[in-house]
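Read-outs: derived from the displayed coordinates by stated rules, not from any lab. Remember, predicted model here, so these are calculated numbers, not experimental data. All Cβ positions, glycine included, derive from the backbone under ideal geometry; neighbour counts span all protein chains shown.
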Ligand SMILES: Cc1cc2nc3c(=O)[nH]c(=O)nc-3n(C[C@H](O)[C@H](O)[C@H](O)COP(=O)(O)OP(=O)(O)OC[C@H]3O[C@@H](n4cnc5c(N)ncnc54)[C@H](O)[C@@H]3O)c2cc1C
């Protein structure tokens, strides 16, 4: 039996960016919230540590100060032949013209603390065994307690237990990715996105990165898309040397320095992309962030969407738990579905035709073409077209979206289970 100290309006499972922002908005709105995580904070999380312009806009909207960290705008893309292209950054009507490098050990602890300061109650424990109340999910046993709530928010990441026990996932339709990151001492001027070819004309089904970080500690990583079959995820781990060698060949990475302080070890994690194979909400369960599959299928980022969805789920609940699932699901689908369908279709095509990816990269990075498309490329794959400043880059990106949507109409699997 749960005592009154174990009864809440909302149980938020997972205190990553999605869960902490949900708990923050709920607590500010006067709800009694339990913010549960299996880990003690601060804790590491596999990530490129890049908080993009839309993520910064969410923090500003919430009135949460952005943590300290190197700020940067343009990015450098380097292709398999070593050809480079600078993707320009530009502030838009709804987001700033820069991103921030913030280690997740810092960002996540800060967001969680904001939620606790607003009144959310921390619970350390794994949500596992469910508690049923009146025939529906009414909470979980966690941290030695039976924590009960009217509404459950699943913010427990890509492999969400909440999504599974609520029956919201169709495993055969989920669009998976896997990425691994590590740190090393390296001064980095511009963030780099890199493609290379482990065998001729067969690029990795993903990309590598080299991002600047605080105190001259760079974040490197490799991410791959696997589709529904997760067995190929180990390619990311096996490609660590390939990325390092490619960046060294291109003169973008020096030889590792000797000594230096102890850095966090190599860490990998799953990405659940494209809002595919997961119903984001039903009855009294709402999924946010990676649990809902909100990672951008073009480039693998998900912190901004995690925070956005956390805030939206919280507001839907504050409006009245009755129709919250429907309102929240509708908002998510209206915002992300069409863009994610296009990203998923592009991903499918490039996964099925590695030679096509090799050719596409050569075309996009060609001297006469690259500079002409760089601005639109930056807007499109970072999902920055809405709110972008007027001009040629926005016009071309919008035309690309329209064309892509026309070509991919009809093949939708986003926001649905089956
Ligand atoms: C290697 C890598 C690099 C990435 N780089 C970037 C990047 O640079 N920029 C970007 O925007 N995105 C990046 N992403 C994606 C980004 O990390 C995620 O989209 C983001 O973390 C989603 O936040 P979340 O709150 O939904 O989930 P998470 O951050 O995964 O948080 C989930 C929380 O739930 C907890 N939890 C899980 N299961 C349970 C349970 N059963 N009980 C209790 N607690 C539980 C976990 O401990 C965790 O704290 C990267 C992902 C990977 C793997």
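Of all DSSP bridge pairs formed entirely within the chain, close to 70 percent run antiparallel.
For 196, 270, the sequence from fewest to most other C-beta atoms within 10 Å is 270, 196. Spin-label model, residue 402 to residue 202: label points 7 Å out along the Cα-to-beta-carbon direction sit 4.0 nm apart. Descending by average beta-carbon neighbour count within 10 Å, the peptides 308-315, 237-244 line up as 308-315, 237-244, the highest first. Put in order of Cβ neighbour count within 10 Å, fewest first, the listed residues 319, 197 become 319, 197.
The distance between label points at residue 283 and residue 249 comes to 5.4 nm (points 7 Å beyond Cα on the Cα→Cβ vector). Reducing segment 291-338 and segment 37-59 to their Cα centroids gives an inter-centroid distance of 17 Å. Legend: calculated FRET efficiency, residue 359 to residue 93, from the Cβ-Cβ distance at R0 = 41 Å, rounded to 0.05, equals 0.70.
Looking at the square roots a ≥ b ≥ c of the eigenvalues of the Cα gyration tensor of the chain, which shape do they give, rounded for a/c under 1.5, prolate if a/b is larger than b/c, or oblate? Taking the square roots of the gyration eigenvalues as a ≥ b ≥ c, the chain is prolate.
Tell me, how many Å apart are the Cα centres for segment 161-211 and for segment 371-411? The distance from the Cα centre of segment 161-211 to that of segment 371-411 comes to 22 Å. Going by alpha carbons, how many degrees (0 to 90, nearest 10) lie between the helix axis of 303-319 and the longest principal axis of the chain? For 303-319 against the chain, the angle is about 30 degrees. Which FRET efficiency value, to the nearest 0.05, is calculated for residue 238 and residue 190 with the Förster distance at 45 angstrom and r the Cβ-Cβ distance? Here the calculated transfer efficiency is 0.95.
As a rough guide to protection, the peptides 323-334, 296-307, 132-143 ranked by mean Cβ packing within 10 Å, highest first, stand as 296-307, 323-334, 132-143. If a spin label sat at a point 7 angstrom from the Cα of residue 392 along the line to its beta carbon, the backbone N atoms of segment 80-114 nearer than 17 Å would be those of 86-90. For segment 229-311, rounded, prolate or oblate, judged on the Cα gyration tensor with a ≥ b ≥ c (square roots of eigenvalues), a/c < 1.5 rounded, else prolate if a/b > b/c? It comes out prolate by the Cα gyration axes. Protection proxy ranking of 186-193, 226-233, 208-215, by the mean of other Cβ atoms within 10 Å over each peptide's residues and highest first, is 208-215, 186-193, 226-233.
Taking 0.36 nm per residue of sequence separation and subtracting the Cα-Cα distance, how much length would be gained by fully extending the chain between residue 215 and residue 337, in nm to one decimal?
Using 0.36 nm per residue and subtracting the Cα-Cα distance, I get 40.1 nm.
Rounded to the nearest 500 deg cm²/dmol, what is the calculated helix-only ellipticity per residue at 222 nm for the chain, with -39500 (n - 2.57) per DSSP H run of length n ≥ 4? Calculated at 222 nm, the ellipticity per residue is -10500 deg cm²/dmol. The simple Förster model, with R0 at 25 Å and r as the Cβ-Cβ distance, assigns residue 40 and residue 134 a FRET efficiency of 0.15.
Between helix 370-381 and the chain, what is the angle of the helix's C-alpha long axis to the longest principal axis, kept within 0 to 90° and rounded to the nearest 10? The two axes meet at around 10 degrees. Here the extension length gained between residue 349 and residue 263 equals 27.2 nm, from 0.36 nm per residue of separation less the Cα-Cα distance. In which sequence would 246, 98, 353 go, from the one with the fewest C-beta neighbours within 10 Å to the one with the most? Arranged by neighbour count, lowest to highest, 246, 98, 353 become 353, 98, 246.
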